[in-house]
Every structure is written in structure tokens, then in C-alpha cells.
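See structure below.
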Amino acid sequence: MSKIIKLDRHVADLIAAGEVIERPASVVKELVENAVDSGADAITVEIRRGGMDLIRVSDNGSGIEPEDIRTAFLRHATSKIRTAADIDAVMTMGFRGEALASVAAVSKVSMYTRTHDSNVGYSYEIWGGDEKNLTEAGCPPGTTIVASELFYNTPARMKFIKKDVTEAGHVQTVVRRAALARPDISFKLIRDGEELLHTPGDNSLLSAMYCIYGNRYVQGMEKVSTSYEGIRVWGYVSKPTYSQGNRSKQEFFVNDRPIRSGTMTAALESAYKNRMMTGRFPTCVLHIEIPPVLLDVNVHPAKSEVKFAYERPVYDAIFIAVKDAVDSEDPRAAIVSKSPDVLKIDIPEREYPQTSINTLAPKKNPDFYSAMSAERYRDLYAPRASDDLQDSMSSTVDSKEEKPPQFTDKPIPVWKILGESFGTYIIVEDGDDILFIDKHAAHERIIFNKLLETSDNPISQYLLESRVIEFDRDDYESIIANMELVCSMGFEVEEFGGNSLIVRAVPEEIDGDDVEASLQEIALSLRENRRMSITKKRDEALRLVACKAVLKAGNKSSYSENRELVTRVMEMEDVRYCPHGRPVAAVLSRSELEKRFGRT
């Protein structure tokens, strides 16, 4: 008996659909891409119960000819590719010929379509890949596709589906990115009868950004427009004074396709070097236009990643474009910021060299990067380090605290503080050891332990004035879905309408200025750790609260503050690692020190 068989068509369709359709948002993405390719200038997406009960995508595009309706639902049927050569030049959103077949394989699909030159429309129903009927019907020009009862014939997939609010959030992300990718198209999103999003389709990216993120976001953005090596970069990036606690608002589009790319993220953030606080991130909506032959859009089932033939020019183009925009905020560059033509860099397009990408990178100085022993490194930099250390030690003691600490009845510790280095490390002599205590990590652990101890009865502080904070939809939905957990940490938060929350109280350790950033980071953590138990979710959120509340690295502390912190580190056995696992202290023994000086 043969062990290898040809799968039944229905089973093969279900397997293929699993690669494309993971959740309701996957259906919306595929249908919206087809609507964009149809030439529509208005697209409406409606969902019920997170998209599990119903997904309806309507457009006013070209419609489908009656003889093509059945063919459109066949696997590998597409109007965008004819030959293998077309794959290298594909510019449309949907092109694989799998979208409708995949959606129809795992749901009950009804389609209504009519071309603009026809007086008659058609209705087509296909459930689980099986055709039900094809009849004439009255409908407006364009196409409407309704997918209901998603995964009704594959119940095993249901265990991977999350709460309705979570699935709806993923759908909103798809529609939001589509609207930012194509500001010339009006997008509308309706969830359970409520309109969540509506962009004008006036071909203004700024208008789309305003409708999605609000006025405050738009006010913090700078325009970008640059061409480099045949690559055009345009859009908006945040001013250095406007930042986020995470990367959730970094949107990149390559030839109008939303893309994730470490190269583009690195280029963006490098342009802000020394202009933004550590732990803060820029936001952006950046479009990158590149010749299609220089990238492969067919490397990911969801087409959310691309492969560049040459990554260095892409990196350089984004870096130059963003840095030009960021530099325009500098008063010394005011004359440049008034002239868009000066900012634009026009370089004639040319063939890319058929060489390794490494040849495009700047050469490093071989002398500077030559091998150097640890001993040689210390010989070169020790004098400077000693000077810095001496300055740090002399400036550590506040002028008001020059008097030695008063004696008490408490036993005198055997250790003593020698000073503070780099505003970060407290130097302590303890017997035959020198300890370098990371005050940031130590303080973070102490606060985290306190938060855990009081988690059943958190200590809150009421704000002098309640704050109304507008969040993006993803963050808002995360907090609303986990409101009980957020409040159990010491926050007092209520809905305020739209995407806004009113905050009346915060955990005792949180500074009032950090409220918005803390809640944004907690919301992101809740999304990323949605599969964790409630206890683990809370622990991760408490780590973020502790991190926000700690002494910041680089800030000088008074002698008494350092002494209090060192005392707690020495006395508390559970303060050995920060909540993220970094060590609190490094030890240099006397014997190691003497060995380095050749005394042994």
C-alpha cells in the first residue's frame, strides 16, 4: 500500500489557508489589499465580535466581470502576474492569487460585485470552498465581500483566537496601516456598529495621520522628503522633543506596503543619536520608494517583510532623510528649513554595482581597530579614568552635606563608601573587596520588591489635578481589556470617551510626569505578554513601574542617598539582581587588584 497520497482538494485548501489566514485581521488585510488594487478611492471595513462573526469589506473599485467571478476564488488565480518576469516587477498589493481562495476555505463567503459599465451586478456564495450559488443581484458599482463564521469548519484554530477586543485591535492596525500607506483612499472602519476610523482620502498623509493619531501627534512631527541613490524617502518623523516609551508608532512603507525591517528602524534611530533620552524612541510614518527589481516582496506569507538586494543604500537614504528633518529644528539651520529645495538631495539614478554589500560600507581605520590587550587598554585610559573618578568623588558630596554623618546607637557597618563614578556606580570598600554598585539596578530591585509586597493592597498617590490622556487605539484597548489588573497596581483610571482615559491616581513610586509614558509601556507589555497568566502579566507590568521610578543612570546622588541605598543592598539578601536579571554589583577583590599591579 502506498504511503504517499495526493491530498483531497479541500484538505489542501485548508492547509494553504492556514499559511495566510491566522486571525480575522488576516482576512481584512487580504480583502483590503484586493480592494486597493481594484482602483477604489473609498473602502469600508465592518466587523462584528472582533471579526469572528462577520467581516464586510466594501469598495467602489472596478468590480469583477461575471466570467471572472468563479475563477477569482480558485487557488493561484490572479490578474497581476502573467510570466515569471512579472514577479520581479510586481507593484500591486495582492498578487499571489491565494486571498479569496484562502478566505473562502475557512469561512462562509458572500460576494456582491458590479462593474461600472454594467447595469447588472452579481451575487456569489461559497462556503468552506464549496460553491452555493451565482445569481444576478442589484448592487452598487464595486465589490463587497462578506466573510462570516470564520473558522467554522476548522474548530481547532479557535483556540488561538483571543478576546474580541484583542482581535478588533489587530483589525484596526491593518486598516490604520492601509490608510497611512494610501492617503489618497478614504478608509472607514466600523466595529459592532461604532465608527472607529474615517480618513478623508484627500491624498494628504498629514490628514490621515490626524484622523488616526490626533492633533497632538501631528503637532510633534517634521516633514521628510529626500532622494538618494534612486531611493526616495518621504513622510513625517517626530521632533526630538516628542518621543514615545516604545516603538509602536514607527510605521514604514516600502512601495506603499507596510513593512517591518531592522535596517529601517536602525537608520531612523541612528539619526536621533544624542538628541533623545535613553529609553525613549522616535515616531514616524515613512514611505520608501525603491525600484521593485531591487527587492523581493515574496519572502513572507503575510508580505510584511521584504528582502533588499542592497541594504546599505536603504539605510543611508533613511538616515540622511531623517537627519535632515531633525537638523532643521536647530536654530542654526533655520535658513535651510525654509527651503525644501535645499533639503532635497537629487542624485541621478544608476545601476547598482554587482558587488557585496560590504563594499558599500565605510572602511574602518585598521590601526584604531587593531587588537589591543586588556592591559594595554588600561595603560592608555587609566589616567583619564582616575581623573574622572577623582572629580566624581569630590563632587558627590553635596555642599549641604559636607559634615560627617552623626553617630547613632546602630552598629557601625564594616564597609565604607569611597565615592561615585560616572553618576551610576557607587564605589564601596568592604573588607578585602571593592564593590561597584549599580545604583539604578539596585534601586529598581528595591522598588520592585516593595511593589510585590504591597500588590494585594497597593499604595497610591492622588494627582493634584486629574489628567486626561489620549492614547492610540492599541494602547487604549490594552488598558481597557486589562483595567482590573492596571488598577490593582495602584492606578485609578476611568474611560473618558474616544481613545482617552482620565487618570486620578498613580502608584506611589511613579512621578506625575511619567504617567503617560508608564501607561504606554504597560499597555505594550500587556499586548506582548497576552498569553501569560495574570500573575506574570502583573509582574512584568510592575517591573516597568519600578524602572520608571528608579534613580536615573548619570544623575549624581548625595552622600546620604548613596549611604541609604548601599545599606539596603548590604542588608537585603534578595537585592542581588535587578528585576530584568542584571547584576546589582560587581566585585573586585584585593588579590585581583594586587595581581594587576604586580604585587603578587
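The values are calculated or read from the model by the stated rules, or taken from the named source; none is laboratory data. Treat the numbers as computed from the prediction; the structure is a model and nothing was measured. Positions of Cβ are backbone-derived with ideal geometry, glycine not excepted, and every protein chain shown enters the neighbour counts.
Tell me, yes or no, whether the range 214-231 has at least one residue that is under 26 Å from Asn34 (Cβ atoms) and touching a residue at least 24 places away in the same chain (Cβ under 8 Å). Within the range 214-231, not a single residue is under 26 Å from Asn34 (Cβ atoms) and touching a residue at least 24 places away in the same chain (Cβ under 8 Å). Of the set (1) assigned to a strand (DSSP E or B); (2) buried (at least 18 other Cβ atoms within 10 Å of the Cβ), all apply to Thr135 but (2). Cβ separations smaller than 7 Å between residues 6+ apart or across chains give the following pairs from the range 304-327 residues that are under 17 Å from Glu289 (Cβ atoms) and in a helix (DSSP H, G or I) to residues that are modelled with pLDDT under 85 and among the aromatic types (Phe, Trp, Tyr): Val314/Phe308. Can you tell me which residue among Leu519, Leu551 is modelled with pLDDT under 80 and within 20 Å of Glu444 (Cα to Cα)? Step by step, each of Leu519, Leu551 is checked, and only Leu551 is modelled with pLDDT under 80 and within 20 Å of Glu444 (Cα to Cα). Scanning the range 175-222 for residues that are surrounded by fewer than 20 Cβ atoms within 10 Å (Cβ to Cβ), on the phi > 0 side of the Ramachandran plot and out of contact with any helix residue (DSSP H, G or I) (no Cβ under 8 Å at 6 or more places or on another chain) turns up Gly193, Asn203, Gly214.
Inspect all residues belonging to the range 547-567 and state whether any of them is closer than 22 Å to Ser455 by Cα, basic (Lys, Arg), part of a loop (DSSP other than H, G, I, E, B) and out of contact with any Cys (no Cβ under 7 Å at 6 or more places or on another chain). So far as the range 547-567 goes, no, none of its residues is closer than 22 Å to Ser455 by Cα, basic (Lys, Arg), part of a loop (DSSP other than H, G, I, E, B) and out of contact with any Cys (no Cβ under 7 Å at 6 or more places or on another chain). Taking the criterion of being touching a Leu at 6+ places or on another chain (Cβ under 7 Å) and assigned to a loop (DSSP other than H, G, I, E, B), the only residue of the range 264-284 that qualifies is Pro282. Regarding Val165, is this residue under 21 Å from the mean Cα position of the chain (by Cα), buried (at least 20 other Cβ atoms within 10 Å of the Cβ), part of a helix (DSSP H, G or I) and in the same structural domain as Val36 (by TED's automatic domain parsing)? No. Evaluated against (1) free of Cβ contacts under 8 Å to residues at least 12 places away in the same chain; (2) touching a Lys or Arg at 6+ places or on another chain (Cβ under 7 Å), Lys273 falls short on exactly one condition, (2).
Results for (1) in a strand (DSSP E or B); (2) acidic (Asp, Glu); (3) not assigned by TED's automatic domain parsing to the domain that holds Thr113, shown as yes or no for each residue.
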{"residue": "Arg157", "(1), (2), (3)": "no, no, no"}
{"residue": "Val175", "(1), (2), (3)": "no, no, no"}
{"residue": "Lys188", "(1), (2), (3)": "yes, no, no"}
{"residue": "Leu206", "(1), (2), (3)": "no, no, yes"}
{"residue": "Cys211", "(1), (2), (3)": "no, no, yes"}
{"residue": "Trp234", "(1), (2), (3)": "yes, no, yes"}
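This table checks each residue for (1) under 26 Å from the mean Cα position of the chain (by Cα); (2) outside any helix (DSSP H, G or I); (3) at pLDDT 90 or above; (4) buried (at least 24 other Cβ atoms within 10 Å of the Cβ).
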| residue | (1), (2), (3), (4) |
| --- | --- |
| Leu14 | no, no, no, no |
| Ala17 | no, no, no, yes |
| Lys29 | yes, no, yes, yes |
| Val32 | yes, no, yes, yes |
| Val36 | yes, no, yes, no |
| Ile47 | yes, yes, yes, yes |
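A quick yes/no check of all residues on (1) surrounded by fewer than 19 Cβ atoms within 10 Å (Cβ to Cβ); (2) assigned by TED's automatic domain parsing to the domain that holds Phe448; (3) in contact with an Asp or Glu (Cβ under 8 Å, 6 or more places away or on another chain); (4) in a helix (DSSP H, G or I):
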position: Leu519; (1), (2), (3), (4): no, yes, yes, yes
position: Ile522; (1), (2), (3), (4): no, yes, no, yes
position: Arg530; (1), (2), (3), (4): yes, yes, no, no
position: Thr535; (1), (2), (3), (4): yes, yes, no, yes
position: Ala541; (1), (2), (3), (4): no, yes, no, yes
position: Leu544; (1), (2), (3), (4): no, yes, yes, yes
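Would you confirm whether or not the range 479-494 contains a residue that is over 25 Å from Glu453 (Cβ atoms) and surrounded by fewer than 16 Cβ atoms within 10 Å (Cβ to Cβ)? Yes: one or more hits.
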